[in-house]
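Worksheet: the structure to be examined is printed underneath.
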Amino acid sequence: MAGHSKWANIKRQKARVDAVKGKVFTKISREIIVAARSGVPDPEGNFQLRTAIDKAKAAGIPNDNIDRAIAKGAGKLGADNAALEAIRYEGYGPGGVAILIEALTDNRNRTAADLRVAFSKNGGNLGETGCVGWMFEQKGMVEVSLMPVETGRKRRTDNAPIQEEELLEAFLEGGADAYELIDTEDGTIAEAMTEATNLETLSQTLKDQHYNVSRVELRWIPNNTLEVSDPDQARSLLKLMDALEDLDDVQSVTANFEMTDELMSLSVA
């Protein structure tokens, strides 16, 4: 998980910039629309929708925007969003790095064309469905802040950082397979991984024990990784990742590369 945590940190920093541009609002709003359409339009009975709403609130999306997206998904504001569909695309980056892309689109041809251009301009190529998907496994991820939190019902700790031993017990109780501590600009967090089907159970277990759950999502994890050590290849690869994530229809991008902190910092500078 370590190399992907480095990339996740960079994406957190990038998300702050994108939030100012409104890109995050658009992407998360689409998630809410699709979640509300695929299940009941009530977060209490729809875990996917509840997760998308939590993500929206964490990104600072106003409640009016969230309510409007739910209404669109429920068909109360017209059927123009009925065409939104989730599609997975696959391809290769510089040096044969495997890349998996999740998109929500109302026009497959447009999305595929945009992806093909982004790949070709940055030393990669868009492949056929299944060309790299077998290299990845979908897991559930729950992120927990390690700082104390006031819940209104119970203080998790007496103004002291959460003890890792207690957190590990909670992870095990919730069915986590592994966890990692990560230092971010906002403090230390813990990322716990679990089977995709167990994501709701793990999330609820941690919330029931009054932990500050800051992110819940499904994530693709590579079964094997490629070490990138050449600066030019690293620069081209990260430019490609940025170009793909900047596309309006793209929700997430995952790749199976590893590189040092120093090389990653130089490449994104």
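The values are calculated or read from the model by the stated rules, or taken from the named source; none is laboratory data. Remember, predicted model here, so these are calculated numbers, not experimental data. Glycine also receives a Cβ, built like all others from the backbone with ideal geometry; neighbour counts cover every protein chain displayed.
What's the total number of residues in the range 217-231 that are touching a Phe, Trp or Tyr at 6+ places or on another chain (Cβ under 9 Å) and surrounded by 14 or more Cβ atoms within 10 Å (Cβ to Cβ)?
6
Failed condition for Leu244, given (1) at pLDDT 90 or above; (2) over 30 Å from Gln48 (Cβ atoms); (3) crowded, with 19+ Cβ neighbours inside 10 Å, with all others met?
With respect to (1) at pLDDT 90 or above; (2) over 30 Å from Gln48 (Cβ atoms); (3) crowded, with 19+ Cβ neighbours inside 10 Å, Leu244 is out only on (2).
Quick one: how many residues across the range 75-106 are assigned to a loop (DSSP other than H, G, I, E, B) and among the β-branched types (Val, Ile, Thr)? Outline the logic, then answer.
Pass one, the range 75-106, residues assigned to a loop (DSSP other than H, G, I, E, B): 75, 77, 79-84, 93, 97, 106.
Now restrict to residues that are among the β-branched types (Val, Ile, Thr): 97.
Number of matching residues: 1.
Report yes if Thr157 is modelled with pLDDT of 90 or more and either assigned to a strand (DSSP E or B) or surrounded by fewer than 16 Cβ atoms within 10 Å (Cβ to Cβ) (or both), otherwise no. Give the derivation first.
Values: modelled with pLDDT of 90 or more: no; either assigned to a strand (DSSP E or B) or surrounded by fewer than 16 Cβ atoms within 10 Å (Cβ to Cβ) (or both): yes.
No: the conditions fail for Thr157.
For the range 83-105, indicate whether the set of residues that are small (Gly, Ala, Ser) and farther than 30 Å from Asp232 by Cα is non-empty. Lay out the reasoning, then the answer.
The initial filter retains those residues of the range 83-105 that are small (Gly, Ala, Ser), namely 83, 86, 91, 93, 95-96, 98, 103.
Within this subset, residues satisfying the condition of being farther than 30 Å from Asp232 by Cα are 83, 86.
Checked the range 83-105: at least one residue is small (Gly, Ala, Ser) and farther than 30 Å from Asp232 by Cα.
In the list Glu102, Glu128, Glu90, which residue meets the criterion of being surrounded by 13 or more Cβ atoms within 10 Å (Cβ to Cβ), of a type in the set (Asp, Glu) and either more than 30 Å from Val40 (Cβ to Cβ) or free of Cβ contacts under 8 Å to residues at least 60 places away in the same chain (or both)?
Exactly one residue qualifies, and that residue is Glu90.
If a residue counts only when it is of a type in the set (Phe, Trp, Tyr), which helices (runs of 4 or more DSSP H) contained entirely in the range 21-74 have at least 1 such residues?
The helices (runs of 4 or more DSSP H) meeting that bar are 23-38, 47-58.
Within the range 183-201, is there a residue that is part of a loop (DSSP other than H, G, I, E, B) and at pLDDT below 95?
Within the range 183-201, one or more residues are part of a loop (DSSP other than H, G, I, E, B) and at pLDDT below 95.
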